[in-house]
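Taking it in order: structure first as structure tokens, then the write-up.
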Amino acid sequence: MQINTAGCKHWRFQKNFIRCKFFSLTETPEDYTIIVDEEGFLELPSSEHLSVADATWLALNVVSGGGGFSSSQPIGVTKIAKSVIAPLADQNISVFMLSTYQTDFILVRERDLPFVMHTLAAEFTILRVVNGETVAADDLGITNGFVKPKLVQRPVIHPLSSPSNMFCVTSLDPDTLPTVATLLMDVMFYSNGVKDSVVGNEDSGHIRFFSFSLIEGYISLVMDVQTQQRFPNNLLFTSASGELWKMVRIGGQPLGFDECGIVAQISEPLAAADIPAYYISTFKFDHALVPEENINGVVNALQYFLKNLIPESDMKRDCGKMSGNSSNKPLF
């Protein structure tokens, strides 16, 4: 779901809205992207400012031992690049990614679920949550009349850029949420005015990006260090190393929801280089977050991947020269 700034400033953290089990809101320079479960969606008021994707999506989560996701640091999208992301891309299945402080969610269209299960069944035991209970997902009729989708050639990778911001990925105790509700509202809706229609036009390569997720009672926050400083000391969870992250933005034009392999073409070379990454898809563009000290390694890994993906002459013509640029200018 996409919402523009004119329509979102009347929102409040209403109790019945926050009680939905899956809610995520991400601010970008262009708009706000909302991912919400059916219960939460029914609570949304009708508005001309809302644009809703034309399909229902299901959230998949890779866990160990068949349980719910952990409150520890996430495994990272690169850890599931080869086992989940790449196989789905090879089967022409579009995915929408949401990495959080706790884990990684792979959203797929509901109509693609039989293909997803067929693709991943050899590698994973597939479970589903029904009325709060985790049960085997072996009764969805995926074998009768199943037609395997045609393998497709991966699309050419999209233009990339890296804003100058440093980001942190953090969380907070849900019990403290009421104490920072006013601050969160100000950060999300009142700090930046009207959204920009042109990508990357903010001063000095700095962009507005803020992501808030409340999923099954766990809170995840992605913000730049300037925004982090607005929160009270000792409120946000941080790693012992205080790790900061740099962003790689994917897309020169809105990506849409139908193209397959975008996440794979970013996560696979990062996995090969053993570089962890958070990955957040939004209504128009995708965003990968990598450790700040790894940004040059990310550039080199993606450069090597591109050289082996398309002819060098085509890459020079279409992408230009790649460098370890720290501003919000295209890397390709």
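The values are calculated or read from the model by the stated rules, or taken from the named source; none is laboratory data. Remember, predicted model here, so these are calculated numbers, not experimental data. FYI the Cβ positions are ideal-geometry reconstructions off the backbone, even for glycines, and counts take in every protein chain you see. Surface areas here come from the heavy atoms of the whole protein model, side chains and all, with no ligands, DNA or RNA. Shrake-Rupley method; radii C 1.70, N 1.55, O 1.52, S 1.80 Å.
Annotation: of all residues in the stretch 274-304 being among the aromatic types (F, W, Y) and assigned to a strand (DSSP E or B), the one that is surrounded by the fewest Cβ atoms within 10 Å (Cβ to Cβ) is Y278. Looking at I34, I106, just one residue is over 19 Å from A264 (Cα atoms), at pLDDT 90 or above, in a strand (DSSP E or B) and open to solvent by less than 30 Å² (accessible area, probe 1.4 Å), and that residue is I34. Here V77 passes the criteria (1) in contact with a Leu (Cβ under 9 Å, 6 or more places away or on another chain); (2) open to solvent by 60 Å² or more (accessible area, probe 1.4 Å); (3) modelled with pLDDT under 90; (4) not hydroxyl-bearing (S, T, Y) except the one numbered (2).
Quick one: how many residues across the stretch 243-273 are surrounded by fewer than 17 Cβ atoms within 10 Å (Cβ to Cβ) and in contact (Cβ under 8 Å) with a residue 24 or more places away in the chain?
Of the residues in that region, 7 qualify.
Those strands (runs of 3 or more DSSP E) of the stretch 114-199 in which 2 or more residues are at pLDDT 90 or above occupy 167-170.
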